[in-house]
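Please read the structure below before turning to the comments.
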Amino acid sequence: MQRLLVISGIAAAVVLLILANAFYVVPVDQQAIVLRFGQAQYTVNATEAGMSEKGPMQNLEAGLHLKVPLVDDVRYYDKRNMGYDLQADEIIAADQQRLNVDAIARWRIKNPLQFFRAASTYEQGESQLQLRFTAALRGELGKVAQPDIISAQRATLMQRVRAALQAQMNTLGVEIIDVRIRKADLPQANSQKVYDRMKSQLQQKVSQYNAEGEGLYQSITGEADKQVRVLIAEAQQQAQRMKGEGDAERNKIYASAYNKDPEFFAFYRSLIAYDTAIKTGTPFVMSPDSDFFKYFKSKDGR
């Protein structure tokens, strides 16, 4: 009787073990491949169903499923986006300048069956990703000069690197979501040389700008001086013209006054001559009969 109980207990344990091994669960953030003697039978919750010799392979939904106990094996793969940080590597740009580039890639397993056949495990998949990521970086960044890698051209370069890496990762069933160059620095040995070259280029620009500024200053001041001379000449010409017109008008008034009273006009002009010529302390040697002093004799000059 005791032996029968032991046998029954063992049988029950075996049945429970078989039943426990017959069921498996695939969460919504996971995808799986069911293998039978190492051969893929179908996929579960895969982003992209695999292909068998007979055509597209069956792809079940996530959840609880039944498999053949002790025969079928379930291989799980993450369905979420994953990141891979590529350690800083030295890249030679098209202008033969060296840069230490640190980049990161966002990727996911799109076809688990293809990934299983090409890489089998995450570790081997990441190892191949590292090699191809480095090759894509060197291939694309080696086509452009160093300033384009450091400057605003970086966004375009990252798209080109992503496309090149995607072309290489298609055979693994992997989708490259994004590639980012986090840092691109000069090697320490080249920093001083680059600094000196940049300083020399900036000094050349400063000299060029100073020369252009001096030339512009000379041009502006020369044009201003020319305009000043033109304005002064025009003002002098206008002054001479107005003076001539004033003299003409004065002579006209003198002539009109002379015609009205010649004797008074002669007397007035003599007074002006006296005021101009005779100053205090100025000696004159002149004949009393001179016409210059004729109005000193009498009011009518006799």
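Taking the alpha carbon gyration tensor of the range 82-186, multiplying each eigenvalue by 5 and rooting it gives semi-axes of 26, 12, 11 Å, largest first.
Other residues whose C-beta falls under 13 angstrom from the C-beta of ARG182 contribute a net charge of -1, scoring Lys and Arg +1 and Asp and Glu -1. Electrostatic tally near GLN39: other residues with Cβ closer than 13 Å to its Cβ, Lys and Arg +1, Asp and Glu -1, net +1.
In the range 19-78, the convex hull through the Cα atoms has an average projected area of 3.9 nm², a quarter of its surface area.
Exposure proxy for MET198, MET169: other Cβ atoms within 10 Å of each Cβ, ordered fewest to most, give MET198, MET169. Remark: ILE177, ILE109 ranked as ILE177, ILE109, counting other beta-carbon atoms within 10 Å and listing the fewest first. Bridging of LYS226 to aspartates and glutamates at a Cα separation below 17 Å is possible for GLU234, once same-chain residues fewer than 8 apart are set aside.
Every number here is computed from the coordinates shown, using simple stated rules; none is lab data. The shown structure was predicted, so the numbers you read here are calculated from the model rather than taken from an experiment. Here the Cβ is made from the backbone with ideal geometry for all residues, glycine too, and neighbour counts use every protein chain on show.
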